[in-house]
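For reference, the structure is listed below as structure tokens.
No lab work stands behind these numbers, since they all come straight from the coordinates. It should be emphasised that the depicted structure is a prediction, and the values quoted were computed from it without experimental measurement. Cβ atoms come from the backbone with ideal geometry, glycine included; neighbour counts cover every protein chain shown.
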Amino acid sequence: MTHYLISFPSGAMDATPDELPAVGEAAMAVVHAAREAGVLVFAGGIDETTPPVRVAGDGTITDDTYPQTAQLEGGYTILDLPTREAAHEWATRIATACRCAQEVRVFGEGSESR
């Protein structure tokens, strides 16, 4: 199976502040369905209230980020799926719940966490 990253930037959501609780419930329902299906690896979002830092190999901490990732935000789901088509199906479910299009990417070979 392959790990797929399904994600979106927070600004892409088409929901008013009053609608956010319902969006959150719908998103959690998809997460629970993925867990029940045995495909969930991770689901969560970036805490946009906490600024990022960079940590160097010598332990030096810098209060900034790489320019390429300055806008890293939003929600992220990692699913372990048999096909790209299955990833597209789950991305559709997440897009419906979160009210915005989802980006699908494939993770390369890496270490297993489970």
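Looking at the square roots a ≥ b ≥ c of the eigenvalues of the Cα gyration tensor of the chain, which shape do they give, rounded for a/c under 1.5, prolate if a/b is larger than b/c, or oblate? In terms of gyration-tensor shape, oblate.
Under a Gaussian network description of the chain, with springs only between Cα atoms under 10 Å, the residue in 80, 18, 47 that fluctuates furthest is 18. Based on DSSP H segments of at least four residues, each scored -39500 (n - 2.57), the chain has a per-residue ellipticity at 222 nm of -9500 deg cm²/dmol. Applying both filters, DSSP loop and at most 16 other Cβ atoms within 10 Å, to the GluC sites (Glu not before Pro) of segment 1-66 gives 48.
Karplus-based coupling profile of segment 81-92, in residue order and whole Hz: 10, x, 9, 5, 4, 5, 4, 5, 5, 5, 4, 5, with θ = phi - 60° in 6.51 cos²θ - 1.76 cosθ + 1.60 and x standing for Gly or Pro. The relative contact order of the chain, computed from alpha carbon pairs under 8 Å that lie at least 6 residues apart in sequence, is 49 percent. Relative to the Cα centre, the charge distribution of the chain, modelled as +1 at Lys and Arg Cβ and -1 at Asp and Glu Cβ, gives a dipole magnitude of about 300 debye. Taking label points 7 Å from Cα along the Cα-to-Cβ direction, residue 46 and residue 72 give a separation of 0.7 nm. Taking 46, 94, 78 in turn, the Gaussian network model of the chain (Cα-Cα springs below 10 Å) assigns the largest fluctuation to 46.
Which net charge results for the neighbourhood of residue 34, defined as the other residues with beta-carbon distances under 14 angstrom from its beta-carbon, given Lys and Arg at +1 and Asp and Glu at -1? Value of the local net charge: -1.
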